[in-house]
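Student: Can you keep this structure in mind? I'll have questions shortly.
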Amino acid sequence: MKDSKTIKKLKILSMLFVIAVFSVCFVSCGNDDKDDITTNESTQSSLTGTANGHEWVDLGLPSGTKWATCNVGASKPEDYGDHFAWGETSKKSTYSWDTYKYGGRYDVKNIGSNIAGTQYDVASVKWGGSWRMPTLAQSKELFNNTTSEWTTQNGVKGRKFTSKKNSMSIFIPAAGGQFSGYSTEGEDGGTWLANVYQENNEAYIFNFTNEGIWWDTYDYRCNGYTVRPVLLMSGNTSGNSSGNNDNSGSGTGTDPGNNNNSGSGTGTVNYTSCPDNNHPHAIDLGLPSGTKWACCNVGATKPEGYGDYYAWGETETKSVYSWDTYKYGRSSKDVDNIGADIAGTKYDVAHVKWGGGWRMPTLEQIKELMANTTHEWTRLNGVAGRLFTGKNGGTVFLPAAGDRWRGEFYGVGHWGIYWSSTPYDENYACYLYFYSDNAYWDYFNYFRNFGVIVRPVR
Ligand SMILES: [Zn+2]
């Protein structure tokens, strides 16, 4: 548990990177059989390059993330490379709970909720520099911003992912998973992501077959999958979580100048919405429905305060958030029906704690906020988060308070999750999610039993 509190220092080895770009003649991957890339280099396109001797491609992704052309252990794009259990950095002959280094199926060791850049990140350990295992956010970004086709490259089955923006592409072979001697080679292309799945003995994989792509599926950590690294660019630290409850100096901002002002006590935004310090206020953002958003979270006394974390439908905070402690469900498949919309009910913590017409926002109100404001990653009084600005100039600041799962905090200072009052289906509830590069509504990654922040509306 202690290691999840370690603050990761994201060192951008830009010097190494620059040197590596100039040493492109010595790349080990793709140089011989992908002459389009060499051509791009000679015409000085910045869409390809190398870092620490490994080639990357710029797919024009919004976050600036560059994807490697090869898997860890591979020398060509279509080579499978090596399989690894999640968090392990050496290949082996059998992948099972019996051989897993970090515990068994029912007593798995917590090595962090996001291992990108740590000693457990095989891309970082084997390739060094700024290479990392991709995060769940980067997996989703790849999926959203590319088209793909099932194809064969030099006799190897896999999928080619082509940028919607610049026609560059990567090929990921169907290297398959390995489980106790069994392999799905040639059938699917599962590659590990850096994020642990909620059940903790599982971690996320980016997976595909000839039929489709699943950017957020998951499997047991003991199984063997390949890893396709991404290159951490300056300012591109999306999804990196240390699980620490400390918002100082993590440097996740994409806006220059935001990375080193933590603790200075001065915000970098011109936040003028509140008329006085007698919070909460109802902020007019000029939204079509007339909805006003509160200036702060339930449990917070100022706009940048994180406030309290609540499981969906609960109205009291607690120290452990899990299925064992959740009032309205026992597993992701066994959740109580507490209504099609809990806004204004006894399950609505904004209504219960604040009264006076305050409610949890519905999904429609979150969508309205997204559609009628601009938003940017910034800091308010040293706290990272997103500032939403309405067309009338009104602003609300949502701090990146992260979330709670079991007894831990995750993603504090790195991402924000805000409950809506709207269920997605019988198991999930919808929420607003944001990190340094983006914001969107979602439902899938956080079960109702997670501890999540609430920003009221009225
Ligand atoms: Zn206020």
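Student: Of the residues that sit in segment 296-338 and are part of a loop (DSSP other than H, G, I, E, B) and of a type in the set (Lys, Arg), which one is nearest to residue 430 (Cα to Cα)?
Tutor: 333
Student: Checking residue 333 against (1) charged (D, E, K, R); (2) more than 17 Å from residue 453 (Cβ to Cβ); (3) in contact with a strand residue (DSSP E or B) (Cβ under 8 Å, 6 or more places away or on another chain), which single condition isn't satisfied?
Tutor: Here residue 333 clears every test but (3).
Student: Name, by its number, the condition in (1) out of contact with any helix residue (DSSP H, G or I) (no Cβ under 6 Å at 6 or more places or on another chain); (2) closer than 30 Å to residue 110 by Cα that does not hold for residue 391.
Tutor: (2)
Student: If I go through segment 410-435 residue by residue, how many of them are at pLDDT below 90 and within 15 Å of the chain's Cα centre (by Cα)?
Tutor: 7
Student: Taking into account only those residues within segment 277-295 that are assigned to a loop (DSSP other than H, G, I, E, B) and in contact (Cβ under 8 Å) with a residue 60 or more places away in the chain, which is farthest from residue 374 (Cα to Cα)?
Tutor: Step by step, filter segment 277-295, then rank; the result is 280.
Student: Filter the strands (runs of 3 or more DSSP E) completely within segment 41-103 down to those with at least 2 residues that are of a type in the set (Gly, Ala, Ser). Working first, answer last.
Tutor: Numbers: elements: 48-51, 54-57, 66-68.
Passing ranges, in order: 48-51.
Student: Can you tell me which of 191, 147, 217 is surrounded by 23 or more Cβ atoms within 10 Å (Cβ to Cβ) and within 30 Å of residue 433 (Cα to Cα)?
Tutor: Working: 147 fails: surrounded by 23 or more Cβ atoms within 10 Å (Cβ to Cβ); 217 fails: surrounded by 23 or more Cβ atoms within 10 Å (Cβ to Cβ).
Unique residue meeting the criteria: 191.
Student: To continue, here is another question. Determine, yes or no, whether residue 446 is at pLDDT 95 or above and crowded, with 18+ Cβ neighbours inside 10 Å.
Tutor: no
Student: Got a sec? Which of 78, 88 is modelled with pLDDT of 95 or more and closer than 24 Å to residue 166 by Cα?
Tutor: Just one listed residue meets the conditions, 78.
Student: Residue 304: within 22 Å of residue 441 (Cα to Cα) and either away from the ligand (no atom under 16 Å from the Cβ) or over 28 Å from the mean Cα position of the chain (by Cα) (or both), yes or no?
Tutor: No, not satisfied.
Student: For residues in segment 269-285 being among the β-branched types (Val, Ile, Thr) and modelled with pLDDT under 95, which is farthest from the ligand (Cβ to nearest atom)? Working first, answer last.
Tutor: Of segment 269-285, the ones among the β-branched types (Val, Ile, Thr) are 269, 272, 283.
Of the ones still in play, those that are also modelled with pLDDT under 95 are 269, 272.
On the way: 269: 14, 272: 11 Å.
Taking the candidates together, the pick is 269.
Student: Right, residue 188: outside any helix (DSSP H, G or I), of a type outside the set (S, T, N, Q), free of Cβ contacts under 8 Å to residues at least 12 places away in the same chain and closer than 30 Å to residue 450 by Cβ or not?
Tutor: So residue 188 fails the test.
Student: If you check 356, 344, which single one turns out to be within 15 Å of the ligand (Cβ to nearest atom), at positive phi and part of a loop (DSSP other than H, G, I, E, B)? Step through it out loud before you land on a result.
Tutor: Values: 344 fails: within 15 Å of the ligand (Cβ to nearest atom).
From the options 356, 344, the qualifying one is 356.
The values are calculated or read from the model by the stated rules, or taken from the named source; none is laboratory data. Model, not experiment: these values are computed from the prediction. Every residue, glycine as well, gets a Cβ built from its backbone with ideal geometry; the counts of neighbours run over all protein chains shown.
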